[in-house]
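The values are calculated or read from the model by the stated rules, or taken from the named source; none is laboratory data. Remember, predicted model here, so these are calculated numbers, not experimental data. Glycine also receives a Cβ, built like all others from the backbone with ideal geometry; neighbour counts cover every protein chain displayed. When the accessible area is computed, the model is the full protein with side chains, heavy atoms only, and any ligands, DNA or RNA have been set aside. Shrake-Rupley method; radii C 1.70, N 1.55, O 1.52, S 1.80 Å.
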Amino acid sequence: MTTEHLSRQLASFAAKLKISDIPNDVINRAEDLLVDWFGSAVAGKGARPVETITQFAQNMGGFDSAHPGPSEILISRNSSSPFLAAMANAAASHVAEQDDVHNGSVFHPATVVFPPALACAQAIGASGEDLLVAAVAGYEVGIRVGEFLGRSHYKVFHTTGTAGTLAAAAAVGHLLKLNPEQMLHAFGSAGTQSAGLWEFLRDAADSKQLHTAHAAATGLMSAYIAQAGFTGAEHILEGKQGLAAGMTSDADPSKLIDRLGSRWALAETSFKYHASCRHTHPAADALLQVMLANKLKPSDIAKVETLVHQGAIDVLGPVTDPATVHQSKFSMGTVLALVAHYQFAGLQEFDQHFHDEAICLFRDRVTMTLDPEVDAAYPQRWIGKVKVYLNNGQILEGRVDEPKGDPGNTLSRAEITDKALRLAAFSGGASPAEMAKAIDLLWNIRKQTKIGPLLPHN
């Protein structure tokens with residue numbers, strides 16, 4: 001029986017992980033998540049918050065076409081340092097709200113794992129296999145930290161910004177071949193920089209992209225400086241003045257090492273189908289189920305009551321009259337209105353229609369009610385339940401136990417590819433031919449002995 005404390009056990013796992021330890025289906029799933037992330041990253045092109053962070057990264061880097069950096073910035077086709085490339089690509093991959101999510105931790109792993117891992121891999125000449133194993137380490141650490149911090153943490157803190165620093169540090173630390181002691185110090189440095197508050201939702205502020213940019217970059221920095229001998233708090237997670245002490249009231253330390261090496265949390269991760277906050281997806285799918293089964297038109301519906309968990313109310317409740325496309329993705333009423341009218345809430349639907357009169361009228365007829373069953377199941381399961389009140393007085397009920405994209409209702413590789421192509425086409429971030437070449441490379445990443453650029457550079 002080990003005498004190592006919990007943070008040390010988790011760090012040791014991340015440092016020692018080998019591809020032979022990981023089931024092949026988990027590696028396959030990591031490839032799926034990599035391709036899915038790449039589509040979201042390219043989709044960030046043109047988004048003002050992302051372009052602002054990207055311009056900052058390029059200005060700070062001191063690299064140009066004559067003196068290129070080792071790591072690519074996807075949306076600008078330029079290169080920079082690993083730190084700044086991780087920052088820019090992490091911001092880019094979170095703005096379309098199409099990146100993956102792990103239900104139990106309420107955490108978006110890809111956007112804080114793949115950007116720093118790719119940036120580091122390109123800088124040090126790592127192989128595709130190295131990248132995948134590092135990604136698994138990042139997912140396993142980040143998800144467990146998110147589960148450890150619990151539901152009370154998520155009421156105030158954006159878990160992707162907080163747990164994300166540890167996930168990034170684990171992925172990069174693995175690529176840098178940190179030993180367990182160095183990895184523990186990387187965790188300490190990453191954890192002391194964990195940040196991200198939900199207050200931005202009330203103002204339609206740009207902070208969500210800053211959360212992922214900061215988590216990816218500071219996690220990467222924490223791993224690099226640990227390699228150089230910099231020390232961090234050894235009990236940053238469970239210590240008396242650590243993350244749990246400052247950020248949660250219901251921490252569960254056992255979650256940090258839950259079946260390490262036998263339970264692969266990465267495989268539990270869900271893909272996003274609709275381009276909105278994941279808290280809206282279960283109800284959106286349940287409403288669509290009712291409308292298709294009963295051949296309803298939006299004009300048939302007097303109001304929709306969504307039966308939700310408390311987390312949905314906490315995050316979506318402040319958004320009543322969204323002022324921007326991004327804020328509208330956190331409006332339950334807007335998402336359900338788009339689904340009712342177009343059977344899908346994608347990037348184009350939000351961009352072109354989120355403030356249409358018909359959408360706003362439907363939006364204002366959608367309510368959220370705390371449901372004991374849904375709340376008790378959350379966050380392990382995200383059940384969708386709706387009551388649809390028709391103009392003729394009839395009340396119809398819908399229920400979805402696994403929203404589209406969950407592991408039991410997942411996307412095929414063809415659907416993941418189509419999604420990535422659709423995201424790139426919407427943003428203009430890459431041509432169909434460029435995307436096809438990059439996606440083919442990513443589906444065959446295990447064959448790559450040295451990871452180079454994914455897209456042609458300027």
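Odds and ends about this structure:
- Tally of residues being closer than 20 Å to His94 by Cα and touching a helix residue (DSSP H, G or I) at 6+ places or on another chain (Cβ under 8 Å) across the stretch 423-458: 13
- The set of residues in the stretch 35-91 being part of a helix (DSSP H, G or I) and β-branched (Val, Ile, Thr) consists of Val35, Val42, Val50, Thr52, Ile53, Thr54.
- Boolean, Ser20 is assigned to a loop (DSSP other than H, G, I, E, B), among the hydroxyl-bearing types (Ser, Thr, Tyr) and over 23 Å from the mean Cα position of the chain (by Cα): no
- Restricting the stretch 129-179 to residues that are touching a strand residue (DSSP E or B) at 6+ places or on another chain (Cβ under 7 Å) and in a helix (DSSP H, G or I), the residue that is farthest from Gln227 (Cα to Cα) is Val156.
- Applying the criterion of being polar (S, T, N, Q) and within 23 Å of the chain's Cα centre (by Cα) to the residues of the stretch 213-248, the residue that is surrounded by the most Cβ atoms within 10 Å (Cβ to Cβ) is Ser222.
- Within the span defined as the stretch 386-406, every residue fails to be assigned to a helix (DSSP H, G or I) and either among the charged types (D, E, K, R) or at pLDDT 95 or above (or both).
- Within the stretch 85-123, the only residue that satisfies the criterion of being on the phi > 0 side of the Ramachandran plot and either of a type in the set (Ser, Thr, Tyr) or open to solvent by less than 10 Å² (accessible area, probe 1.4 Å) (or both) is Glu97.
- Filter pass, Ile53 being at pLDDT 95 or above, farther than 19 Å from Leu131 by Cα and β-branched (Val, Ile, Thr): yes
- Residue that is farthest from the chain's Cα centre (by Cα), among those in the stretch 362-372 that are in contact (Cβ under 8 Å) with a residue 12 or more places away in the chain and part of a helix (DSSP H, G or I): Phe362
- The combined condition, being buried (at least 18 other Cβ atoms within 10 Å of the Cβ), at pLDDT 95 or above and not in a loop (DSSP other than H, G, I, E, B), is fulfilled by Ala438.
- Number of positions in the stretch 138-159 that are open to solvent by 10 Å² or more (accessible area, probe 1.4 Å) and closer than 26 Å to Ile19 by Cβ: 1
- Residues in the stretch 394-408 that are open to solvent by 20 Å² or more (accessible area, probe 1.4 Å) and not hydrophobic (A, V, I, L, M, F, W, C) were compared, and the one that is farthest from Phe344 (Cα to Cα) is Gln394.
- In the set Gly128, Gly196, Gly164, only one residue is surrounded by fewer than 24 Cβ atoms within 10 Å (Cβ to Cβ), closer than 20 Å to Val50 by Cα and touching a helix residue (DSSP H, G or I) at 6+ places or on another chain (Cβ under 7 Å); that residue is Gly196.
- Flag set for Ser80, criterion: of a type in the set (Ser, Thr, Tyr), buried (at least 20 other Cβ atoms within 10 Å of the Cβ), modelled with pLDDT of 95 or more and touching a Gly at 6+ places or on another chain (Cβ under 8 Å).
- Any hit, the stretch 28-50, residues being in contact (Cβ under 8 Å) with a residue 12 or more places away in the chain and of a type in the set (Ser, Thr, Tyr): yes
- Within the stretch 46-60, the residues that satisfy the criterion of being surrounded by fewer than 22 Cβ atoms within 10 Å (Cβ to Cβ) and under 26 Å from Gly125 (Cα atoms) are Gln55, Phe56, Gln58, Asn59, Met60.
- For the stretch 281-299, the condition of being in a strand (DSSP E or B) and among the basic types (Lys, Arg) holds for none of the residues.
- Residue count, the stretch 302-356 (criterion: more than 23 Å from Phe107 (Cα to Cα), part of a strand (DSSP E or B) and open to solvent by less than 10 Å² (accessible area, probe 1.4 Å)): 1
Yes or no, residue by residue, for (1) over 26 Å from Ile27 (Cβ atoms); (2) loosely packed, with under 13 Cβ neighbours inside 10 Å; (3) of a type in the set (Lys, Arg):
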position	(1), (2), (3)
Arg365	yes, no, yes
Tyr378	yes, no, no
Val388	yes, no, no
Asn392	yes, yes, no
Ala414	no, yes, no
Ala420	no, no, no
Ile451	no, no, no
Pro456	yes, yes, no
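- One residue alone among Leu210, Leu201 is open to solvent by less than 20 Å² (accessible area, probe 1.4 Å) and touching a residue at least 40 places away in the same chain (Cβ under 8 Å), and that residue is Leu201.
- Of the residues making up the stretch 269-276, none is out of contact with any helix residue (DSSP H, G or I) (no Cβ under 9 Å at 6 or more places or on another chain), farther than 21 Å from Val141 by Cα, of a type in the set (Ser, Thr, Tyr) and open to solvent by 10 Å² or more (accessible area, probe 1.4 Å).
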